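The values are calculated or read from the model by the stated rules, or taken from the named source; none is laboratory data. Quick caveat: nothing in here was measured; it's all calculated off a predicted structure. Cβ placement follows ideal geometry from the backbone for every residue including glycine, while neighbour counts extend to all protein chains displayed. For accessibility, only protein heavy atoms count, side chains too; no ligands or nucleic acids. Shrake-Rupley method; radii C 1.70, N 1.55, O 1.52, S 1.80 Å.
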Amino acid sequence: TTIVLSAKIADHILVARKKDNKWYIGAMTNWDSKELELELSFLGSGEYAMGIWKDGANAHRYASDFAKEIKTVKSSDKMKINLAPGGGWVAVISMTGNQ
């Protein structure tokens, strides 16, 4: 299953793909910084563990600067994704044991 969550040609893309009971989400932008909103309504009921790799504070100067974050999410959650110029964002979402 693949879902295009947001896209504009030559501007940005935000895509989710489900494989083997995990969701893989990726976003990237052109050379302008962006703030995208990710709605998790495509998830089923329950709680999920979300591992996030995102642009770090200095990613606009050093492409290798990134931060990792782990959080618990559910389908009613919305989150902001901040992308550095030429930046990217990725997440892996899997069901937790708290169903």
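Can you give the FRET efficiency for ALA10 and LYS71, using 1/(1 + (r/R0)^6), R0 = 35 Å, r = Cβ-Cβ distance, to the nearest 0.05?
E between ALA10 and LYS71, to the nearest 0.05, is 0.65.
Could you give the accessible area per residue of the range 1-89, probe 1.4 Å, as a whole number in Å²? Write out the running numbers ahead of the final one.
Working: 5660 Å² over 89 residues.
Spelled out: the 1.4 Å probe surface of the range 1-89, per residue, equals 64 Å².
Please report, to two decimal places, log10 I(q)/I(0) for the range 1-47 at q = 0.20 Å⁻¹ as given by the Debye formula with identical point scatterers on the Cα atoms and no solvent.
The calculated log intensity ratios at q = 0.20 Å⁻¹ are -0.70.
In whole percent, how big is the carbon plus sulfur part of the accessible area of the chain, probe 1.4 Å, protein atoms only?
Working: 3090 of 6250 Å².
Carbon-and-sulfur percentage of accessible area, whole number: 49.
Note the per residue figure in Å³ for the convex hull of the C-alpha positions in the range 5-77.
Convex hull of Cα atoms, per residue: 106 Å³.
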